[in-house]
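Take a look at the structure below.
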Amino acid sequence: MKKSYTIKDLIFLMLGHIWWIIAAAIVGAAGTFGVSRFVIPKEYQSNISMYVKNSENQEQQQQGINNNDLTVSKSLVSTYIVILNNDVVMDKVGTELLKQYSEEELQQYFTVKDGKVTDASLKSCFQMTAVDQTEVLKITATTKNAELSSTLCNIMADVAPDFLIRVVGAGSVEKIGDAKVYDTPVSPNVMKNTALGFAAGIMLAVLVILVIDFFDNTVKDTAELNEKFQKPIIGEIQNIGGKVKKKDRGTSADRKRKLIYNNQDIPFNILETYKSFRSSLNFLVSTSENKIVAVTSSNPSEGKSVTIANLATAMSETDKKILLIDADMRKPVQHKNFHLSNKLGLSNVITDSKLLDKAMHKQVVGNLDILTAGTIPPNPSELLVSKQMAELLDKLKAQYDMILMDCAPINIVSDVAGLANSIAGVVMVVHYGTTTFAELEDAQKQLKLANCNILGFVLNEVQHKHGTGYYSNYKYKYKYKYNYNYRYGSEKTAASPKEDAPERVKDEENADGLS
(Lines give C-alpha, C1' and ligand atoms only; values in the text may rest on other atoms or scores of the structure.)
Protein backbone atom coordinates (compact mmCIF):
# COMPACT_ATOMS: atom_id res chain seq x y z
CA MET A 1 0.00 0.00 0.00
CA LYS A 2 1.49 3.31 -1.04
CA LYS A 3 1.57 5.78 1.83
CA SER A 4 1.56 9.04 -0.10
CA TYR A 5 1.58 10.44 -3.62
CA THR A 6 3.32 13.38 -5.19
CA ILE A 7 2.03 15.15 -8.28
CA LYS A 8 4.75 13.37 -10.23
CA ASP A 9 3.61 10.00 -8.87
CA LEU A 10 0.04 10.69 -9.94
CA ILE A 11 1.08 11.83 -13.41
CA PHE A 12 3.15 8.72 -14.06
CA LEU A 13 0.48 6.51 -12.51
CA MET A 14 -2.10 7.87 -14.94
CA LEU A 15 0.29 7.77 -17.89
CA GLY A 16 1.03 4.17 -17.05
CA HIS A 17 -2.65 3.36 -17.43
CA ILE A 18 -3.47 5.86 -20.16
CA TRP A 19 -4.98 3.25 -22.47
CA TRP A 20 -7.30 2.04 -19.72
CA ILE A 21 -8.41 5.62 -19.13
CA ILE A 22 -8.98 6.20 -22.85
CA ALA A 23 -10.89 2.93 -23.13
CA ALA A 24 -13.09 3.84 -20.13
CA ALA A 25 -13.78 7.27 -21.63
CA ILE A 26 -14.75 5.74 -24.98
CA VAL A 27 -16.97 3.14 -23.33
CA GLY A 28 -18.61 5.85 -21.19
CA ALA A 29 -19.22 8.07 -24.21
CA ALA A 30 -20.50 5.21 -26.37
CA GLY A 31 -22.75 3.96 -23.59
CA THR A 32 -24.37 7.30 -22.88
CA PHE A 33 -24.70 7.98 -26.61
CA GLY A 34 -26.48 4.67 -27.15
CA VAL A 35 -28.78 5.14 -24.18
CA SER A 36 -29.57 8.74 -25.11
CA ARG A 37 -30.08 7.95 -28.77
CA PHE A 38 -32.02 4.71 -28.60
CA VAL A 39 -33.29 4.09 -25.04
CA ILE A 40 -34.39 7.34 -23.38
CA PRO A 41 -37.74 8.51 -24.81
CA LYS A 42 -37.66 11.81 -26.67
CA GLU A 43 -39.45 14.76 -25.14
CA TYR A 44 -40.89 17.76 -26.96
CA GLN A 45 -41.62 21.25 -25.72
CA SER A 46 -44.01 23.98 -26.66
CA ASN A 47 -44.69 27.31 -24.97
CA ILE A 48 -47.04 30.24 -24.95
CA SER A 49 -46.65 33.70 -23.43
CA MET A 50 -49.32 35.74 -21.64
CA TYR A 51 -49.15 39.42 -20.84
CA VAL A 52 -50.37 40.36 -17.36
CA LYS A 53 -52.11 43.76 -17.08
CA ASN A 54 -52.80 45.60 -13.87
CA SER A 55 -56.15 47.12 -15.13
CA GLU A 56 -58.65 46.42 -17.87
CA ASN A 57 -59.58 50.13 -18.08
CA GLN A 58 -58.88 51.00 -21.69
CA GLU A 59 -58.68 54.69 -20.93
CA GLN A 60 -55.93 54.09 -18.39
CA GLN A 61 -54.04 51.98 -20.87
CA GLN A 62 -54.23 54.77 -23.45
CA GLN A 63 -52.89 57.32 -20.94
CA GLY A 64 -49.82 55.16 -20.46
CA ILE A 65 -48.46 52.71 -17.91
CA ASN A 66 -46.54 54.10 -14.98
CA ASN A 67 -43.88 52.31 -12.91
CA ASN A 68 -46.36 51.44 -10.19
CA ASP A 69 -48.54 49.62 -12.71
CA LEU A 70 -45.53 47.58 -13.88
CA THR A 71 -44.61 46.68 -10.31
CA VAL A 72 -48.16 45.53 -9.59
CA SER A 73 -48.21 43.52 -12.82
CA LYS A 74 -44.98 41.76 -11.90
CA SER A 75 -46.44 40.90 -8.51
CA LEU A 76 -49.57 39.57 -10.18
CA VAL A 77 -47.43 37.20 -12.32
CA SER A 78 -46.20 35.38 -9.21
CA THR A 79 -49.75 35.17 -7.89
CA TYR A 80 -51.07 33.85 -11.19
CA ILE A 81 -48.41 31.11 -11.29
CA VAL A 82 -49.56 29.81 -7.90
CA ILE A 83 -53.21 29.84 -8.98
CA LEU A 84 -52.58 28.12 -12.31
CA ASN A 85 -50.81 25.24 -10.52
CA ASN A 86 -53.91 24.59 -8.46
CA ASP A 87 -55.68 21.24 -8.80
CA VAL A 88 -58.94 22.96 -9.84
CA VAL A 89 -57.21 24.51 -12.84
CA MET A 90 -55.57 21.20 -13.69
CA ASP A 91 -58.96 19.47 -13.53
CA LYS A 92 -60.29 21.92 -16.08
CA VAL A 93 -57.26 21.41 -18.34
CA GLY A 94 -57.71 17.63 -18.09
CA THR A 95 -61.41 17.93 -18.99
CA GLU A 96 -60.65 20.04 -22.04
CA LEU A 97 -57.85 17.65 -23.03
CA LEU A 98 -60.26 14.70 -23.03
CA LYS A 99 -62.45 16.55 -25.51
CA GLN A 100 -59.61 16.54 -28.06
CA TYR A 101 -57.99 13.15 -27.35
CA SER A 102 -59.38 9.77 -26.46
CA GLU A 103 -58.67 8.19 -23.11
CA GLU A 104 -56.59 5.46 -24.79
CA GLU A 105 -54.37 8.05 -26.49
CA LEU A 106 -53.79 9.99 -23.28
CA GLN A 107 -52.88 6.86 -21.33
CA GLN A 108 -49.64 6.71 -23.31
CA TYR A 109 -48.51 10.01 -21.78
CA PHE A 110 -50.47 10.54 -18.55
CA THR A 111 -51.94 8.64 -15.65
CA VAL A 112 -55.67 8.28 -16.24
CA LYS A 113 -57.95 7.19 -13.38
CA ASP A 114 -61.72 6.90 -13.44
CA GLY A 115 -61.83 8.55 -16.83
CA LYS A 116 -59.86 11.59 -15.65
CA VAL A 117 -56.27 12.66 -16.19
CA THR A 118 -54.66 12.95 -12.77
CA ASP A 119 -53.62 16.40 -11.60
CA ALA A 120 -50.13 15.21 -10.64
CA SER A 121 -49.34 13.90 -14.13
CA LEU A 122 -50.52 17.18 -15.66
CA LYS A 123 -48.55 19.34 -13.23
CA SER A 124 -45.36 17.45 -14.08
CA CYS A 125 -45.72 18.60 -17.69
CA PHE A 126 -46.10 22.32 -16.99
CA GLN A 127 -43.53 24.92 -16.10
CA MET A 128 -44.60 28.51 -15.48
CA THR A 129 -42.18 31.38 -15.08
CA ALA A 130 -41.98 35.14 -15.32
CA VAL A 131 -39.84 36.12 -18.30
CA ASP A 132 -36.80 37.94 -16.92
CA GLN A 133 -38.85 39.23 -13.96
CA THR A 134 -41.17 41.10 -16.29
CA GLU A 135 -44.99 41.13 -16.44
CA VAL A 136 -44.90 38.41 -19.11
CA LEU A 137 -45.97 34.93 -17.95
CA LYS A 138 -44.49 32.07 -19.92
CA ILE A 139 -46.18 28.67 -19.86
CA THR A 140 -44.13 25.71 -21.10
CA ALA A 141 -45.41 22.16 -21.59
CA THR A 142 -43.11 19.13 -22.04
CA THR A 143 -44.41 15.74 -23.17
CA LYS A 144 -43.35 12.84 -25.36
CA ASN A 145 -45.58 14.13 -28.16
CA ALA A 146 -44.89 17.45 -29.92
CA GLU A 147 -48.51 18.10 -30.85
CA LEU A 148 -49.73 17.26 -27.36
CA SER A 149 -47.30 19.77 -25.82
CA SER A 150 -48.68 22.50 -28.08
CA THR A 151 -52.28 21.53 -27.22
CA LEU A 152 -51.60 21.68 -23.48
CA CYS A 153 -50.18 25.21 -23.77
CA ASN A 154 -53.16 26.44 -25.76
CA ILE A 155 -55.69 24.87 -23.35
CA MET A 156 -53.96 26.41 -20.36
CA ALA A 157 -53.92 29.83 -22.06
CA ASP A 158 -57.64 29.49 -22.80
CA VAL A 159 -58.79 28.46 -19.32
CA ALA A 160 -56.41 30.73 -17.38
CA PRO A 161 -58.15 34.13 -17.76
CA ASP A 162 -61.50 33.04 -16.24
CA PHE A 163 -59.81 31.52 -13.17
CA LEU A 164 -57.40 34.38 -12.66
CA ILE A 165 -59.96 37.18 -12.90
CA ARG A 166 -62.51 35.28 -10.77
CA VAL A 167 -60.06 34.33 -8.03
CA VAL A 168 -57.80 37.39 -7.92
CA GLY A 169 -60.40 39.96 -8.86
CA ALA A 170 -57.76 42.26 -10.24
CA GLY A 171 -55.83 42.60 -13.45
CA SER A 172 -56.19 40.53 -16.55
CA VAL A 173 -54.12 38.35 -18.88
CA GLU A 174 -53.90 38.25 -22.60
CA LYS A 175 -52.16 35.49 -24.53
CA ILE A 176 -49.60 36.50 -27.09
CA GLY A 177 -50.28 34.27 -30.07
CA ASP A 178 -50.81 30.50 -30.02
CA ALA A 179 -48.42 27.72 -29.07
CA LYS A 180 -46.66 26.08 -32.00
CA VAL A 181 -45.70 22.49 -32.65
CA TYR A 182 -41.90 21.94 -32.45
CA ASP A 183 -40.74 18.63 -33.91
CA THR A 184 -37.20 18.91 -32.57
CA PRO A 185 -36.88 17.06 -29.24
CA VAL A 186 -35.48 18.98 -26.27
CA SER A 187 -34.53 15.82 -24.41
CA PRO A 188 -32.38 13.83 -24.27
CA ASN A 189 -29.48 16.07 -25.25
CA VAL A 190 -27.38 13.45 -27.01
CA MET A 191 -24.23 15.54 -27.40
CA LYS A 192 -24.30 16.78 -23.83
CA ASN A 193 -24.94 13.30 -22.42
CA THR A 194 -22.16 11.84 -24.57
CA ALA A 195 -19.73 14.45 -23.28
CA LEU A 196 -20.81 13.73 -19.70
CA GLY A 197 -20.38 10.00 -20.31
CA PHE A 198 -16.89 10.62 -21.67
CA ALA A 199 -15.95 12.66 -18.59
CA ALA A 200 -17.59 10.14 -16.24
CA GLY A 201 -15.60 7.31 -17.86
CA ILE A 202 -12.35 9.18 -17.25
CA MET A 203 -13.25 10.00 -13.66
CA LEU A 204 -14.33 6.43 -12.91
CA ALA A 205 -11.15 5.00 -14.46
CA VAL A 206 -8.96 7.42 -12.50
CA LEU A 207 -10.80 6.56 -9.28
CA VAL A 208 -10.47 2.81 -9.84
CA ILE A 209 -6.76 3.14 -10.70
CA LEU A 210 -6.13 5.18 -7.54
CA VAL A 211 -8.02 2.73 -5.32
CA ILE A 212 -6.28 -0.31 -6.81
CA ASP A 213 -2.87 1.32 -6.59
CA PHE A 214 -3.45 2.55 -3.05
CA PHE A 215 -4.21 -0.98 -1.83
CA ASP A 216 -1.60 -2.60 -4.08
CA ASN A 217 1.03 -4.17 -1.82
CA THR A 218 3.23 -5.44 -4.64
CA VAL A 219 6.73 -4.11 -5.23
CA LYS A 220 6.90 -1.51 -7.99
CA ASP A 221 9.26 1.10 -6.61
CA THR A 222 12.93 0.47 -5.84
CA ALA A 223 13.10 3.50 -3.55
CA GLU A 224 10.30 2.10 -1.41
CA LEU A 225 11.93 -1.35 -1.45
CA ASN A 226 15.26 0.08 -0.33
CA GLU A 227 13.65 2.24 2.35
CA LYS A 228 11.62 -0.63 3.81
CA PHE A 229 14.38 -3.25 4.05
CA GLN A 230 17.51 -1.06 4.13
CA LYS A 231 19.22 -3.25 1.54
CA PRO A 232 20.77 -2.16 -1.77
CA ILE A 233 19.06 -2.65 -5.12
CA ILE A 234 21.68 -4.60 -7.05
CA GLY A 235 19.84 -4.63 -10.34
CA GLU A 236 16.69 -3.73 -12.19
CA ILE A 237 15.85 -6.11 -15.01
CA GLN A 238 13.49 -4.66 -17.56
CA ASN A 239 10.60 -6.55 -19.07
CA ILE A 240 11.63 -7.56 -22.58
CA GLY A 241 8.09 -7.08 -23.87
CA GLY A 242 5.10 -9.30 -24.31
CA LYS A 243 2.68 -10.31 -21.59
CA VAL A 244 2.67 -13.79 -20.09
CA LYS A 245 -0.34 -15.29 -18.39
CA LYS A 246 0.11 -16.11 -14.73
CA LYS A 247 -0.32 -19.84 -15.35
CA ASP A 248 2.42 -19.75 -18.02
CA ARG A 249 4.91 -17.75 -15.97
CA GLY A 250 8.04 -19.76 -15.18
CA THR A 251 7.44 -22.42 -17.83
CA SER A 252 10.13 -23.47 -20.30
CA ALA A 253 8.63 -21.36 -23.09
CA ASP A 254 8.57 -18.30 -20.83
CA ARG A 255 12.18 -18.81 -19.71
CA LYS A 256 13.47 -19.47 -23.20
CA ARG A 257 12.60 -16.04 -24.58
CA LYS A 258 14.25 -14.28 -21.61
CA LEU A 259 17.57 -16.14 -21.58
CA ILE A 260 20.70 -14.47 -22.88
CA TYR A 261 22.31 -17.81 -23.67
CA ASN A 262 22.07 -18.69 -27.36
CA ASN A 263 19.42 -16.00 -27.93
CA GLN A 264 19.86 -13.23 -30.50
CA ASP A 265 16.52 -11.62 -29.71
CA ILE A 266 17.47 -10.25 -26.31
CA PRO A 267 17.33 -6.42 -26.43
CA PHE A 268 20.54 -4.49 -25.97
CA ASN A 269 19.29 -2.73 -22.84
CA ILE A 270 18.70 -6.09 -21.12
CA LEU A 271 22.31 -7.09 -21.79
CA GLU A 272 23.53 -3.79 -20.36
CA THR A 273 21.35 -4.31 -17.29
CA TYR A 274 22.98 -7.65 -16.53
CA LYS A 275 26.43 -6.16 -17.00
CA SER A 276 25.51 -3.51 -14.44
CA PHE A 277 24.13 -6.26 -12.17
CA ARG A 278 27.44 -8.15 -12.57
CA SER A 279 29.48 -5.10 -11.56
CA SER A 280 27.29 -4.38 -8.53
CA LEU A 281 27.52 -7.95 -7.27
CA ASN A 282 31.29 -8.04 -7.73
CA PHE A 283 31.54 -4.85 -5.70
CA LEU A 284 29.36 -6.25 -2.91
CA VAL A 285 31.44 -9.39 -2.42
CA SER A 286 34.80 -7.79 -3.18
CA THR A 287 35.75 -7.56 0.51
CA SER A 288 34.43 -11.00 1.38
CA GLU A 289 36.73 -14.03 1.46
CA ASN A 290 33.77 -16.18 0.53
CA LYS A 291 32.65 -15.63 -3.05
CA ILE A 292 29.66 -17.99 -2.96
CA VAL A 293 26.35 -16.21 -3.61
CA ALA A 294 22.91 -17.84 -3.42
CA VAL A 295 20.09 -16.46 -5.54
CA THR A 296 16.52 -17.10 -4.44
CA SER A 297 13.05 -15.52 -4.37
CA SER A 298 10.07 -15.42 -2.07
CA ASN A 299 7.85 -17.62 -4.21
CA PRO A 300 8.00 -19.71 -7.40
CA SER A 301 7.84 -18.12 -10.86
CA GLU A 302 9.43 -14.83 -9.87
CA GLY A 303 12.33 -15.13 -12.29
CA LYS A 304 15.22 -16.21 -10.07
CA SER A 305 16.43 -19.09 -12.29
CA VAL A 306 16.43 -16.96 -15.45
CA THR A 307 18.09 -14.12 -13.54
CA ILE A 308 20.95 -16.24 -12.22
CA ALA A 309 21.40 -17.96 -15.61
CA ASN A 310 21.71 -14.60 -17.34
CA LEU A 311 23.97 -13.23 -14.60
CA ALA A 312 26.27 -16.24 -14.95
CA THR A 313 26.31 -15.80 -18.75
CA ALA A 314 27.20 -12.11 -18.35
CA MET A 315 29.98 -13.01 -15.91
CA SER A 316 31.38 -15.53 -18.38
CA GLU A 317 32.50 -12.61 -20.57
CA THR A 318 35.06 -11.58 -17.95
CA ASP A 319 38.38 -13.23 -17.23
CA LYS A 320 37.05 -14.63 -13.95
CA LYS A 321 36.27 -18.30 -13.59
CA ILE A 322 32.58 -18.71 -12.74
CA LEU A 323 30.60 -21.71 -11.51
CA LEU A 324 26.82 -21.96 -11.60
CA ILE A 325 25.31 -24.60 -9.30
CA ASP A 326 21.67 -25.61 -9.63
CA ALA A 327 20.87 -26.18 -5.95
CA ASP A 328 17.12 -26.32 -6.53
CA MET A 329 16.93 -30.10 -6.43
CA ARG A 330 13.12 -30.15 -6.35
CA LYS A 331 12.43 -28.43 -9.66
CA PRO A 332 15.77 -27.93 -11.41
CA VAL A 333 15.81 -25.94 -14.64
CA GLN A 334 19.39 -24.89 -15.36
CA HIS A 335 20.05 -28.01 -17.45
CA LYS A 336 17.11 -26.93 -19.62
CA ASN A 337 18.30 -23.32 -19.78
CA PHE A 338 21.73 -24.35 -21.09
CA HIS A 339 20.73 -27.56 -22.95
CA LEU A 340 22.79 -29.82 -20.71
CA SER A 341 22.53 -33.37 -19.44
CA ASN A 342 21.17 -33.74 -15.91
CA LYS A 343 22.00 -37.40 -15.49
CA LEU A 344 24.72 -36.49 -13.00
CA GLY A 345 24.71 -33.37 -10.88
CA LEU A 346 24.85 -31.85 -7.41
CA SER A 347 22.80 -34.53 -5.65
CA ASN A 348 25.03 -37.26 -7.08
CA VAL A 349 28.26 -35.43 -6.20
CA ILE A 350 27.15 -34.85 -2.59
CA THR A 351 26.61 -38.57 -2.11
CA ASP A 352 29.76 -39.50 -4.07
CA SER A 353 32.43 -36.81 -4.43
CA LYS A 354 34.30 -38.89 -7.01
CA LEU A 355 31.60 -38.00 -9.56
CA LEU A 356 32.43 -34.29 -9.50
CA ASP A 357 34.53 -34.26 -12.66
CA LYS A 358 31.97 -36.31 -14.59
CA ALA A 359 29.08 -34.17 -13.40
CA MET A 360 30.73 -30.83 -14.12
CA HIS A 361 29.95 -29.16 -17.46
CA LYS A 362 33.10 -27.24 -18.37
CA GLN A 363 33.12 -23.93 -20.23
CA VAL A 364 29.50 -24.05 -21.28
CA VAL A 365 29.87 -20.44 -22.34
CA GLY A 366 33.12 -18.50 -21.95
CA ASN A 367 34.59 -19.11 -18.49
CA LEU A 368 31.35 -20.50 -17.09
CA ASP A 369 31.17 -24.03 -15.67
CA ILE A 370 27.84 -25.49 -14.63
CA LEU A 371 26.93 -28.15 -12.09
CA THR A 372 23.34 -29.18 -12.67
CA ALA A 373 21.02 -30.45 -9.92
CA GLY A 374 21.35 -34.11 -10.84
CA THR A 375 18.97 -36.88 -9.82
CA ILE A 376 16.06 -35.50 -7.79
CA PRO A 377 16.60 -36.83 -4.24
CA PRO A 378 13.93 -37.55 -1.61
CA ASN A 379 15.74 -35.33 0.93
CA PRO A 380 17.15 -32.20 -0.78
CA SER A 381 17.16 -30.07 2.39
CA GLU A 382 19.19 -32.66 4.29
CA LEU A 383 21.69 -32.92 1.46
CA LEU A 384 22.24 -29.16 1.33
CA VAL A 385 22.96 -28.88 5.07
CA SER A 386 25.11 -32.00 5.13
CA LYS A 387 28.83 -32.11 5.93
CA GLN A 388 29.50 -33.41 2.42
CA MET A 389 27.87 -30.28 0.90
CA ALA A 390 30.01 -28.00 3.06
CA GLU A 391 33.15 -29.89 2.06
CA LEU A 392 32.16 -29.70 -1.61
CA LEU A 393 31.72 -25.93 -1.44
CA ASP A 394 35.05 -25.54 0.36
CA LYS A 395 36.72 -27.48 -2.41
CA LEU A 396 34.99 -25.57 -5.21
CA LYS A 397 35.53 -22.05 -3.87
CA ALA A 398 39.25 -22.60 -4.13
CA GLN A 399 38.88 -23.31 -7.85
CA TYR A 400 36.53 -20.45 -8.86
CA ASP A 401 36.49 -16.69 -8.55
CA MET A 402 32.71 -16.67 -8.08
CA ILE A 403 30.15 -19.40 -7.37
CA LEU A 404 26.45 -18.70 -8.03
CA MET A 405 23.83 -21.03 -6.53
CA ASP A 406 20.27 -21.27 -7.80
CA CYS A 407 18.22 -22.09 -4.69
CA ALA A 408 14.55 -22.93 -4.13
CA PRO A 409 12.13 -20.14 -3.08
CA ILE A 410 12.62 -19.33 0.58
CA ASN A 411 8.91 -19.07 1.44
CA ILE A 412 8.31 -22.57 0.04
CA VAL A 413 11.27 -24.46 1.50
CA SER A 414 14.18 -23.43 3.73
CA ASP A 415 17.00 -24.88 1.60
CA VAL A 416 18.92 -21.63 1.28
CA ALA A 417 18.82 -21.06 5.05
CA GLY A 418 20.78 -24.25 5.55
CA LEU A 419 23.61 -22.84 3.45
CA ALA A 420 24.08 -19.77 5.63
CA ASN A 421 27.48 -20.83 6.96
CA SER A 422 28.85 -21.63 3.51
CA ILE A 423 27.84 -18.59 1.47
CA ALA A 424 28.66 -14.89 1.44
CA GLY A 425 24.98 -13.99 1.27
CA VAL A 426 21.72 -14.17 -0.60
CA VAL A 427 20.42 -12.12 -3.51
CA MET A 428 16.64 -11.89 -3.51
CA VAL A 429 14.90 -11.73 -6.88
CA VAL A 430 11.69 -9.68 -6.70
CA HIS A 431 9.10 -9.82 -9.47
CA TYR A 432 7.79 -6.36 -10.35
CA GLY A 433 4.07 -6.04 -9.68
CA THR A 434 3.78 -9.62 -8.36
CA THR A 435 5.92 -10.02 -5.24
CA THR A 436 4.33 -8.35 -2.22
CA PHE A 437 6.07 -6.61 0.64
CA ALA A 438 4.41 -9.06 3.02
CA GLU A 439 6.04 -11.99 1.19
CA LEU A 440 9.43 -10.28 1.31
CA GLU A 441 9.01 -9.66 5.04
CA ASP A 442 8.33 -13.36 5.58
CA ALA A 443 11.41 -14.28 3.55
CA GLN A 444 13.55 -11.78 5.45
CA LYS A 445 12.41 -13.20 8.80
CA GLN A 446 13.37 -16.74 7.77
CA LEU A 447 16.79 -15.64 6.54
CA LYS A 448 17.35 -13.59 9.66
CA LEU A 449 16.55 -16.58 11.89
CA ALA A 450 19.13 -18.61 9.95
CA ASN A 451 21.66 -15.77 10.33
CA CYS A 452 21.81 -15.54 6.55
CA ASN A 453 22.91 -12.21 5.09
CA ILE A 454 20.80 -10.58 2.38
CA LEU A 455 23.21 -8.90 -0.01
CA GLY A 456 20.47 -7.02 -1.84
CA PHE A 457 17.50 -7.17 -4.17
CA VAL A 458 17.06 -7.56 -7.90
CA LEU A 459 13.81 -6.14 -9.24
CA ASN A 460 12.80 -8.35 -12.15
CA GLU A 461 10.43 -7.73 -15.08
CA VAL A 462 10.30 -3.97 -14.44
CA GLN A 463 7.61 -2.31 -16.54
CA HIS A 464 8.96 0.74 -18.35
CA LYS A 465 6.04 2.98 -19.14
CA HIS A 466 7.13 6.59 -19.41
CA GLY A 467 10.72 7.42 -18.63
CA THR A 468 11.63 7.87 -14.99
CA GLY A 469 9.24 8.06 -12.12
CA TYR A 470 6.94 5.99 -10.01
CA TYR A 471 6.28 3.39 -12.65
CA SER A 472 9.71 3.39 -14.18
CA ASN A 473 12.74 3.49 -11.95
CA TYR A 474 15.27 3.05 -14.70
CA LYS A 475 17.31 6.12 -15.55
CA TYR A 476 17.86 5.36 -19.20
CA LYS A 477 15.81 3.57 -21.78
CA TYR A 478 17.88 2.11 -24.57
CA LYS A 479 16.42 1.97 -28.05
CA TYR A 480 18.97 -0.35 -29.55
CA LYS A 481 18.61 -4.03 -30.39
CA TYR A 482 21.25 -6.62 -29.67
CA ASN A 483 22.14 -7.55 -33.23
CA TYR A 484 25.84 -8.28 -33.13
CA ASN A 485 27.19 -11.08 -35.33
CA TYR A 486 28.16 -13.35 -32.47
CA ARG A 487 25.91 -14.80 -29.83
CA TYR A 488 26.34 -16.41 -26.46
CA GLY A 489 26.98 -20.10 -26.85
CA SER A 490 28.34 -19.72 -30.39
CA GLU A 491 31.09 -21.86 -31.87
CA LYS A 492 33.68 -19.35 -30.72
CA THR A 493 32.88 -20.03 -27.11
CA ALA A 494 31.17 -23.40 -26.79
CA ALA A 495 28.87 -25.71 -28.64
CA SER A 496 25.24 -24.95 -28.20
CA PRO A 497 24.31 -28.37 -26.84
CA LYS A 498 27.21 -30.23 -25.27
CA GLU A 499 28.56 -32.78 -27.69
CA ASP A 500 29.33 -35.26 -24.93
CA ALA A 501 25.94 -34.98 -23.27
CA PRO A 502 24.38 -38.44 -23.37
CA GLU A 503 21.02 -37.12 -22.38
CA ARG A 504 19.55 -34.26 -24.38
CA VAL A 505 16.89 -32.18 -22.81
CA LYS A 506 13.90 -33.57 -24.61
CA ASP A 507 10.57 -32.11 -24.43
CA GLU A 508 10.62 -31.16 -20.80
CA GLU A 509 8.81 -28.03 -21.82
CA ASN A 510 5.69 -29.41 -20.18
CA ALA A 511 7.30 -29.54 -16.74
CA ASP A 512 7.09 -26.18 -15.09
CA GLY A 513 10.32 -25.04 -13.52
CA LEU A 514 10.88 -22.22 -11.12
CA SER A 515 11.97 -19.24 -13.14
(message) As a test of reading the structure, rank 17, 431 by solvent-accessible area (1.4 Å probe, protein chains only), most first.
(response) 17, 431
(message) Can you list residues from other chains, or at least 5 along the same chain, whose modelled amide H is less than 5 Å from the amide H of residue 233?
(response) 457
(request) For residue 44, enumerate residues with amide H under 5 Å from its amide H, sequence gap 5+ or separate chain, H modeled in the peptide plane. (result) 143, 144, 145, 186
(request) Output ³J(HN,Hα) for the range 287-298: one whole-Hz value per residue in order, computed from phi by the Karplus curve 6.51 cos²θ - 1.76 cosθ + 1.60 with θ = phi - 60°, and x for Gly and Pro. (result) 8, 9, 6, 8, 10, 9, 10, 9, 10, 9, 8, 6
(request) Starting from the range 267-348, pick out the GluC sites (Glu not before Pro) whose DSSP state is loop and whose Cβ has at most 15 other Cβ atoms within 10 Å. (result) 289
(request) Give 320/387; 116/192; 256/448 a once-over and call out the pairs whose C-alpha atoms are over 31 Å from each other. (result) 116/192; 256/448
(request) Pop out the ³J(HN,Hα) list for the range 273-283 in order, Karplus 6.51 cos²θ - 1.76 cosθ + 1.60 with θ = phi - 60°, rounded to Hz; leave Gly and Pro as x. (result) 5, 5, 5, 5, 4, 4, 5, 5, 5, 4, 5
(request) With a Förster radius of 45 Å, plug the Cβ-Cβ distance of residue 8 and residue 42 into 1/(1 + (r/R0)^6) and report the FRET value to the nearest 0.05. (result) 0.40
(message) Once ligands and nucleic acids are excluded and a 1.4 Å probe is used, how much of residue 335 is accessible, expressed in Å² to the nearest 10?
(response) 10 Å²
(request) Could you please state, rounded to a whole Å, how far the C-alpha centre of the range 410-439 is from the C-alpha centre of the range 213-227? (result) 18 Å
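The values are calculated or read from the model by the stated rules, or taken from the named source; none is laboratory data. Here the structure is a predicted model, which means the values were calculated and not measured. Note: ideal-geometry Cβ built from the backbone for every residue, glycine included; neighbour counts use all protein chains shown. The accessibility values were calculated without ligands, DNA or RNA, using every heavy atom of the protein model including side chains. Shrake-Rupley method; radii C 1.70, N 1.55, O 1.52, S 1.80 Å.
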